[in-house]
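Asks: One structure is given below, represented as structure tokens, and several questions about it will come after.
The values are calculated or read from the model by the stated rules, or taken from the named source; none is laboratory data. Fair warning: this is a prediction, and the values are worked out from it, not measured in the lab. When we count neighbours, we look across all protein chains shown, and the Cβ atoms used for this are built from the backbone with ideal geometry, even at glycine. Note: accessible area is taken over every heavy atom of the protein model, side chains too, but ligands, DNA and RNA are not part of it. Shrake-Rupley method; radii C 1.70, N 1.55, O 1.52, S 1.80 Å.
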Amino acid sequence: MAVRSGRRPGSPDTRQVILDAARDAFAEKGYDTSSVRAIATRAGVDPALIHHYFGTKEKLFLACMDAPVDPHAVIAVIVAAPRDRIGNQIVRVVLGVWESPAGTAAAALVRTSISGEWHARLLREFLTTQILRHLAAPLGLDAAEAPLRTNLVASQLVGLMYTRYILRLEPLASAPVEELVEIIGPNVQRYLTGDLDLTGTGAATADR
């Protein structure tokens, strides 16, 4: 029997092959510079199969991350709040996700990110391209300051999530959600819209 050559046709394992190739591409080259065509070549499939299984590059990336929630839906809820209350809303919404059944998957993402550089790169790409970038745009943040401001927000939230849900450090672990919103929200607000006195720090540069 002749062996067929060329690209892999659709089969039960094709979806997983595409996911594996895409994870490697996103970790190595980043989300922005990884094209659907390049991922298809790496996976040995026709690009049409990627569109068949996942639709878009963005949806493929979210599938690679096994994202527990749609980040764009979360961002939409956050930016619907008054601009001077965005900090509180961010903390409230993020805690709401972690308090929900999706929190287990979110915790898994954080845990795997500290297990090795490959996973850390994927989470960094996810935070940068799917969350922080989409948070900065509707708030109209200064383009030069937005990367640092959103990174500071991420540092606050990742630290909170790790301490509360993974380390389970008391009394933070059992503090009421609204209490944390009122304590931490103003700090997040300052990171986004307050005076950070960035003159001469060289910190407000690129986000990559």
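Asks: What GluC sites (Glu not before Pro) in segment 76-151 are in a loop by DSSP, with at most 16 other Cβ atoms within 10 Å of the Cβ?
Replies: The qualifying sites are Glu145.
Asks: In segment 61-135, what percent of the accessible surface is made up of carbon and sulfur (1.4 Å probe, ligands and nucleic acids excluded)?
Replies: 61
Asks: Can you compute 3J(HN,Hα) from phi for each residue in segment 85-98, using the Karplus curve 6.51 cos²θ - 1.76 cosθ + 1.60 with θ = phi - 60°, rounded to whole Hz and x for Gly and Pro?
Replies: Each residue of segment 85-98 in turn: 10, 4, x, 4, 5, 4, 4, 4, 5, 5, 4, x, 5, 5 Hz.
Asks: Can you tell me the accessible area per residue over the chain, all protein chains present, probe 1.4 angstrom, in square angstrom?
Replies: 53
Asks: Can you give the local net charge around Val69? Use residues other than it whose beta-carbon is closer than 15 angstrom to its beta-carbon, Lys and Arg +1, Asp and Glu -1.
Replies: Neighbourhood net charge equals -2.
Asks: Continuing with the same structure: Percent relative contact order of the chain, based on C-alpha pairs within less than 8 angstrom and at least six residues apart?
Replies: RCO, the chain: 22 percent.
Asks: If I take R0 = 22 Å and measure r between the Cβ atoms of Thr104 and His51 in this structure, what FRET efficiency does the formula 1/(1 + (r/R0)^6) give, to the nearest 0.05?
Replies: The computed FRET efficiency comes out at 0.15.
Asks: Using only the C-alpha atoms of the chain, find the volume of their convex hull and express it per residue in Å³.
Replies: 141
Asks: Further question on the same structure: Report, in whole Å, the centroid distance computed from the Cα atoms of segment 123-169 and segment 87-120.
Replies: Computed from Cα coordinates, the inter-centre distance equals 11 Å.
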